[in-house]
Amino acid sequence: MFTFSYLLEQMINGITLGGLYALVALGYTLVYGILLIINFAHSELFMAGGYVGLAVLKLLSDPAIAKGPLAFLVPAQSFFNSAGIGFICLILVTFLISAILVGFLGMAIERFAYRPLRHAPRLAPLISAIGVSIFLQNAVLLWVDSKQLPYTRVDGSSFVPSSTAFTVGGVKVYTMQIFIIVTTLLLLLFLDTFVSKTRIGKAMRATSQDREAAGLMGININSVITLAFFIGPALGAVAGVFNGMYYGSVKFNMGFIPGIKSFTAAVIGGIGNLRGAMLGGFLLGIIESLASGFISNAYRDVIAFIVLILVLIFRPGGLLGEAVAEKV
C-alpha cells in the first residue's frame with residue numbers, strides 16, 4: 001500500500017544503493033574517458049575491495065585472529081576495539097588499506113593486461129578485460145573460498161553494529177546508510193574537484209581529449225593512465241567494503257551484477273563524464289529501489305535496463321552528454 005513513509009523509506013534505500021553504484025561507475029568512466037575502452041575487470045576490483053576490507057577488519061579487531069604468529073596484533077586490537085577514536089581509526093584504516101591495495105592491483109592490471117594492447121584494435125583490450133575479470137573471479141574462488149563469507153568476526157558479531165541514527169517521517173535512518181551516503185558524496189566531490197581544478201586533473205582531461213597532442217605538450221601519458229587505473233579501483237574498493245558492511249557478506253562472484261549495474265549507471269549519466277556517472281548511479285539506485293518496493297523485486301532489473309534503453313534511444317550520449325569527443 002502506498003504511503004509517504006514507505007516512499008521515503010524506498011528513496012533512502014535507493015540513495016544508499018545509488019551511492020555504491022556511483023563509486024563503481026566512476027571507475028568505468030575514468031578509464032573510458034582516457035582510453036575509450038570498457039574495463040570489465042573493474043567489477044572484480046569491487047569484489048576484491050570487499051575481501052581485502054574483511055581481511056583488514058579481522059586482523060585489526062578480531063581477538064580470535066591474534067593468536068600464535070599473529071599475537072603481536074593484540075595491542076593494536078585493544079586500541080581499535082576501544083570506543084570512540086579507536087573505532088573511527090579502525091574504519092579509516094580499513095578503507096585506506098583496501099583502497100591502496102586494490103588501487104595497486106588496478107595499476108598492475110593496466111601495466112600487464114592493457115598497456116601492451118594500447119595500439120591494438122579496440123576489441124583486443126576489451127577481450128583482455130574480460131579475461132582479467134574471469135581470472136580474478138576464479139582466483140578468489142580457488143585461493144580464498146567458494147562460499148559466501150559473513151562480514152563478521154569469528155564469533156559472529158558485527159564489525160560495525162547497525163543502529164538508528166534518527167527517524168524522519170516515521171522512517172528509521174540507520175548509521176550505515178548515513179555513513180555510505182555522506183562518504184560517497186565527499187569522495188565524489190573530492191574527485192570532481194581534483195579532476196577540474198588541479199594540474200594533474202587538467203593533464204587527465206587533456207589526455208582524454210587528445211592523447212597524442214597531450215604527449216607532445218610534455219604530459220606523461222603513461223603516468224596519467226596509471227593514475228586513472230589507481231583512482232578508479234580505489235573507489236571501487238571503498239564501494240566493496242561498504243557493500244560487505246551493508247549487506248553482511250562477500251562472495252567471489254559478488255561483483256558481476258553491481259558491475260553491470262554501475263556500467264549501466266555510467267552510460268545513463270553519460271560515460272566519460274564524472275558528474276554523469278554520479279547522477280546515473282544515484283538515479284539507477286532510486287529507480288531500482290522504487291521498482292522493488294512498488295512493483296516487484298523480480299522486475300527491478302528489467303525496469304532498470306528499460307530505463308537504459310530509453311535513455312540510449314532518446315539521448316544516446318547520456319543525460320549529461322559525453323565529456324570525451326570522438327576522434328575522426
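Coordinate-derived values only; no laboratory data. Nothing here was measured: the structure is a model prediction, and the numbers come from that model. Positions of Cβ are generated from backbone atoms using ideal geometry, with glycine treated the same way; all protein chains shown enter the neighbour counts.
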Problem set entry | Proximal lysine pairs, segment 4-314, alpha carbons under 24 Å, eight or more residues apart or interchain | 6
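Run the dipole for the chain about the Cα centre, Lys and Arg Cβ at +1, Asp and Glu Cβ at -1, nothing else charged, and hand back the magnitude in debye, nearest 20.
420
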Problem set entry | For SER249, distant residues with modelled amide H under 5 Å away | TYR151
Problem set entry | For the chain, diffusion coefficient by Stokes-Einstein and Kirkwood Rh (Cα), 10 °C, 1.306 mPa s, µm²/s | 77
Exercise. Considering the chain as a Gaussian network with a 10 Å cut-off on Cα pairs, which listed residue, VAL171, VAL267, VAL31, attains the greatest mean-square fluctuation?
Worked result: VAL171
Exercise. Which of the trypsin sites (Lys or Arg not before Pro) found in segment 86-135 are in a DSSP loop and have at most 16 neighbouring Cβ atoms, other than their own, within 10 Å?
Worked result: ARG118, ARG122
For this session: Name the residue, out of ALA266, ALA239, ALA214, whose mean-square fluctuation peaks in a Gaussian network model built on the chain with Cα pairs under 10 Å.
Result: ALA214
Problem set entry | Difference of contour (0.36 nm per residue) and Cα-Cα distance, PHE72 to SER196 | 40.2 nm
Exercise. For segment 1-78, rounded, prolate or oblate, judged on the Cα gyration tensor with a ≥ b ≥ c (square roots of eigenvalues), a/c < 1.5 rounded, else prolate if a/b > b/c?
Worked result: oblate
For this session: In whole Hz, with x marking every Gly and Pro, tabulate ³J(HN,Hα) for segment 115-126 from phi via Karplus 6.51 cos²θ - 1.76 cosθ + 1.60, θ = phi - 60°.
Result: 4, x, 9, 4, 9, 7, x, 4, 5, 4, x, 5
Problem set entry | Value at 222 nm in deg cm²/dmol, rounded to 500, when DSSP H runs of n ≥ 4 in the chain each add -39,500 (n - 2.57) | -23000 deg cm²/dmol
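At 37 °C and 0.692 mPa s, what whole-number value in µm²/s does Stokes-Einstein give for the translational diffusion of segment 109-246, with Rh from the Kirkwood sum over Cα pairs? Intermediate results must be reported in sequence, preceding the final value.
Values: Rh = 18.7 Å.
Here the translational diffusion coefficient equals 175 µm²/s.
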Problem set entry | Cα centroid of segment 183-220 to Cα centroid of segment 267-298, whole Å | 25
